[in-house]
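The structure appears below as structure tokens.
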Amino acid sequence: MREIQVKEISKIIKKLSIEASTIANDELIKKIEESEKIEESSVGKAVLKQLLENIKIGKTDKTPICQDTGFTVIFMDVGQEVSFVGGSLKDAVNKGVSEGYTEGYLRKSIIKDPITNPKNTGDNTPAILHTNIVPGDKVKITLLPKGGGSENMSRIKMMKPADGIEGIKNFVVETVKNAGGNPCPPTVIGVGIGGTFDYVAYLAKKAILRDFGDRNKDKQIAKYEIEWLKEINKLGIGPAGLGGKVTSFDLFIEVYPRHIATYPVAVNIQCNSNRKKSFVL
Amino acid sequence: MSIKLTAPLTEDKIKDLKIGDEILLSGTIYTARDSAHQKLVDLLKEKKDLPFDPNGSVIFYVGPSPAKPGQVIGAAGPTTSYRMDSFVNTLLKVGMKGMIGKGPRSQEVIDGMKKYCGVYFGATGGAAALLSKSIVKAKVIAFDELGPEAVRKLEVKDMPLIVINDCKGNDLYVEGQEKWVEE
């Protein structure tokens, strides 16, 4: 067994929290630059230029690129030969989030009691932690600060098997259409198909972790990713919803086997800052 | 060419604005979002004073990130506006003239802007570090306990905005997008 001190996890999560909110990924910068060339609407182009300028300011001033530094969602692939020592893994994760959001001057957006008490937890904890046991002795941590505006536009639907792939496509495109300018387009679209009510939403969120252009390994699904993105970019929503050709940067589909009676689909929308940072320990 | 405007606004300053007009806004504005709107409207119901003069006011829907030492404010981009829709007409009625946010408004809000002559400005969602550069002063004036949702008084200089809904009931989201739809 490989022993890992949980305090190492706290340190990594603290660092990833700050970096994810203030330093845009290179692939995002490249994508916005490419989109600025493709976009034909002048107001759309102007918005994309603002986003590039914003990213530069964020990096120089170490200021978050978006004020909504999100709900901290953490995906952890844990090698089954790893043993965590020195305390609770969950506590260590939350300690990292707390320190990162406090010392990094990130916004704390979490309300303790979702129903009655609008009291902020004060340090953006608790995080949402997804652990996945995998072979090996490594731990891969991916941190995704998820903003509320784009999360609000995400949808889930238990469709009928008879609705077929066409029905799913229509639901995905309709969801993006109805979202309009709300989720800060150009967006990234994560689609989950299959599994159960809970699992399909997880798949959709996992889908937005993929890098631009990293198509699904299944050739048919990869084709759907390209086709549906094309459909979405015909909607005319454009950057910031002001009209244009670039409504979404990319679309990713993750699938899982389904029950004979069900056909679950989830669409998770990610905003134009597409924040995510990973580290392998 | 951008149009320079100074807040507080008056009907005279905004009645000729058209959707798509690029604006550079200076002057005094206030921040409020979800919980703060509920509290503002509750104060009006109880016939109490608001923490700021609503007459000619501009409300920016934002919950900024904390300022670092030496900074006026942290990142400060718009939050999605539709969540504030149900409170808007009450505020327009007491003199609010402008709103800054992102995303479409309900018909009720668009009708209210027409009735009371108000304007909805769009700021680019996701350009929060850039927008914070146009904020030169910031001070919490009410509901400090709400943290990022507290009401702040901001002094802004040339904040880059675009007119989404004007006094005449037009909507840039609808008209802007229609041009680019491919069948």
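Derivation of every value follows stated rules applied to the coordinates shown; laboratory data play no part. Not measured: the values here are computed from a predicted model. No Cβ is skipped: glycine too gets one built from the backbone with ideal geometry, and neighbour counts run over all protein chains shown.
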Taking Lys and Arg as +1 and Asp and Glu as -1, residues besides B:Asp158 with C-beta under 10 Å from its C-beta add up to +3
Would you work out which of A:Thr22, A:Ala46, A:Phe71 lies farthest towards the positive end of the dipole of the range A:2-83, given +1 charges on the beta-carbon of Lys and Arg and -1 on that of Asp and Glu, about the Cα centre? A:Thr22
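Pick out the long, greasy-scoring helices in chain A: whole DSSP H runs spanning 30 Å or more along their own axis by Cα, mean Kyte-Doolittle at least 0.0.
none
Using only DSSP helix segments of four residues or longer, with each worth -39500 (n - 2.57), what per-residue ellipticity at 222 nm results for the protein assembly as shown after dividing by its residue count and rounding to 500?
When only DSSP H runs of four or more count, the value is -10500 deg cm²/dmol.
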Placing unit charges on C-beta atoms (Lys and Arg positive, Asp and Glu negative, everything else neutral), compute the dipole magnitude of the protein assembly as shown about its Cα centre in debye, rounded to 20. 620
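Considering only the other residues whose Cβ falls under 13 Å of the Cβ of B:Lys18, what net charge follows from Lys and Arg at +1 and Asp and Glu at -1?
-4
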Roughly how crowded by other chains is peptide A:57-65, in terms of the mean Cβ count from those chains within 10 Å of each of its Cβ atoms? 6
Which of the three applies to chain A, rounded, prolate or oblate, going by the alpha-carbon gyration tensor with a ≥ b ≥ c and a/c under 1.5 meaning rounded? oblate
Which of B:Arg152, A:Arg258 has the fewest other C-beta atoms within 10 Å, and how do the rest follow up to the most? A:Arg258, B:Arg152
Could you tell me which of rounded, prolate or oblate describes the range A:132-185, using a ≥ b ≥ c as the square roots of the eigenvalues of the alpha-carbon gyration tensor, with rounded for a/c under 1.5 and, failing that, prolate when a/b is larger than b/c and oblate otherwise? oblate
Output for the range A:109-155: trypsin sites (Lys or Arg not before Pro) sitting in coil per DSSP, at most 15 other Cβ within 10 Å, listed by number, reads A:Lys112, A:Lys119, A:Lys138
Can you flag which of A:Lys169/A:Lys206; A:Lys140/A:Lys206; A:Lys206/A:Lys276; A:Lys45/A:Lys223; A:Lys59/B:Lys133; A:Lys177/B:Lys102 are past 21 Å Cα-Cα? A:Lys45/A:Lys223
Across peptide B:168-177, what mean number of C-beta atoms from other chains lies inside 10 Å of a residue's C-beta? 4
Top of A:Val246, A:Val188, A:Val85 by mean-square fluctuation, Gaussian network on chain A, Cα under 10 Å: A:Val85
Compute for the range A:1-114: radius of gyration divided by Kirkwood radius, i.e. Rg/Rh, restricted to C-alpha atoms, rounded to two decimals. 1.11
Dipole magnitude of the range A:91-168 about its Cα centre, charges +1 at Lys/Arg Cβ and -1 at Asp/Glu Cβ only, in debye to the nearest 20? 140
Would you work out the relative contact order for chain B, in percent, from Cα pairs under 8 angstrom that are 6 or more residues apart? 29
Tell me the net charge near B:Gln38. Cut-off is 11 Å between Cβ atoms, B:Gln38 excluded, with +1 for each Lys or Arg and -1 for each Asp or Glu. +1
What is the antiparallel percent of DSSP beta bridges lying wholly in the range B:74-155, to the nearest 5? 50
For chain B, set up a GNM with springs between Cα atoms under 10 Å and report which of B:Gly70, B:Gly112, B:Gly98 has the largest fluctuation. B:Gly70
Positive dipole terminus of the protein assembly as shown, leading residue within B:Ile162, A:Met1, B:Leu130 (C-beta point charges): A:Met1
Using DSSP, restrict attention to beta bridges with both residues in the range A:149-274 and report what percent are antiparallel, rounded to the nearest 5. 60
List the chymotrypsin sites (Phe, Trp or Tyr not before Pro) within the range A:215-281 that fall in a DSSP loop (any state other than H, G, I, E or B) and whose Cβ has at most 11 other Cβ atoms within 10 Å. none
Can you list the residues, at least 5 places off or on another chain, whose amide H is less than 5 Å from the amide H of A:Tyr263, using H built in the peptide plane? A:Met159
Is the range B:3-178 best put as rounded, prolate or oblate by its Cα gyration tensor, with a ≥ b ≥ c the root eigenvalues, rounded for a/c under 1.5, and otherwise prolate when a/b is larger than b/c, oblate when not? oblate
Mind checking the mean number of beta-carbon atoms from other chains within 10 Å of the Cβ atoms in A:238-250? 5
Report the trypsin sites (Lys or Arg not before Pro) located in the range A:202-249 that are in a DSSP loop and have at most 11 other Cβ atoms inside 10 Å of their Cβ, or state none. A:Lys217
